[in-house]
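Below: the structure, in structure tokens.
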Amino acid sequence: RKEVEQDPGPFNVPEGATVAFNCTYSNSASQSFFWYRQDCRKEPKLLMSVYSSGNEDGRFTAQLNRASQYISLLIRDSKLSDSATYLCVVTGSQGNLIFGKGTKLSVKP
Amino acid sequence: EAGVAQSPRYKIIEKRQSVAFWCNPISGHATLYWYQQILGQGPKLLIQFQNNGVVDDSQLPKDRFSAERLKGVDSTLKIQPAKLEDSAVYLCASSLVTGTRSSYNSPLHFGNGTRLTVT
């Protein structure tokens, strides 16, 4: 099983739609979870950390399910500017941060 | 707050040549990382430094890649000799806190990256 797995997509959604991504991880001892956003030909940028109780930042909601070892990202009321690749990041077995391959989102008018 | 600085932004070399990349992390960040990102994939960790010591270099191809962070601040990553499959974006990142195997890690802050093309 890969350390971090994501559906590569692409997810093509209309403006205003709600879209959700999941990410599974293999290290049950992981303590740090993040979602990063990466625009085409740009560096990854932190979107939000993921906390045990779940957390929300505007239109974005992140959840952690330790029992099933996955994290999720929900985007409500999608905007054109949300089009990007969303990278799941989890603590690996060596204590470092492991990136998933990313899920591509395309929001259409 | 100044971000992570990297140079050069772009580099084109022929296979078997050498190349070096430079990174200056955010001031006060003890941990520095070099990632390799091949088109269509997520960043892959090459090496992680805590101050001037190596924490993890298990995925660094040591026959051709080397990295150093002599004074615990700036870092250089070198490839010698380069191969075609080394074409990628090389991202430097820094963070405040690095955990042990299971403890908390603070988020990474990335530089703009160096886009390497090997022909």
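Laboratory data are not the source of any read-out in this text; all were calculated from the coordinates shown. Because the structure is predicted, anything quoted here is derived from the model rather than measured. Counting neighbours? That spans all protein chains shown, and the Cβs are built from the backbone with ideal geometry, glycine included.
Observations on the structure shown:
- In loop segments of the range A:38-104 as defined by DSSP, the trypsin sites (Lys or Arg not before Pro) with at most 10 further C-beta atoms inside 10 Å of their C-beta are A:Arg41.
- Amide hydrogen proximity for B:Leu46: with H placed 1.01 Å from N in the peptide plane, the residues at 5 or more positions away or on another chain lying under 5 Å are B:Trp34, B:Tyr35, B:Gln36.
- Under the combined filter of DSSP loop state and at most 13 neighbouring Cβ atoms within 10 Å, the range B:1-89 retains these trypsin sites (Lys or Arg not before Pro): B:Arg9, B:Lys15, B:Arg16, B:Lys62, B:Lys71, B:Lys83.
- Quotient of Cα Rg and 2.2 N^0.38 Å for chain B, N being how many residues it contains: 1.01
- The calculated FRET efficiency for the pair A:Thr18 and B:Asp63, based on their C-beta separation and a Förster distance of 45 Å, comes to about 0.40.
- Shown here for the range B:10-119: GluC sites (Glu not before Pro) in loop regions (DSSP other than H, G, I, E, B) with at most 16 other Cβ atoms within 10 Å, namely B:Glu14.
- Three principal axis lengths of the protein assembly as shown [C-alpha, angstrom, descending]: 49, 38, 38
- Grouping the Cα pair distances of the range A:55-109 into 10 Å bins from zero gives a pair-distance distribution of 20, 46, 28, 6, 0 percent in increasing distance order.
- Here the Karplus curve 6.51 cos²θ - 1.76 cosθ + 1.60, taken at θ = phi - 60°, turns the phi angles of the range B:42-54 into couplings of x, x, 10, 5, 9, 7, 10, 10, 10, 6, 9, x, 7 Hz, with x standing for Gly and Pro.
- Pairs exceeding 19 Å between alpha-carbon atoms, taken from B:Lys44/B:Lys78; A:Lys42/B:Lys11; B:Lys44/B:Lys83; A:Lys42/A:Lys104; A:Lys42/B:Lys83; B:Lys11/B:Lys71: A:Lys42/B:Lys83; B:Lys11/B:Lys71.
- P(r) histogram, all alpha-carbon pairs of chain A included - 5 Å bins from 0, percent: 2, 13, 25, 25, 19, 10, 4, 1, 0
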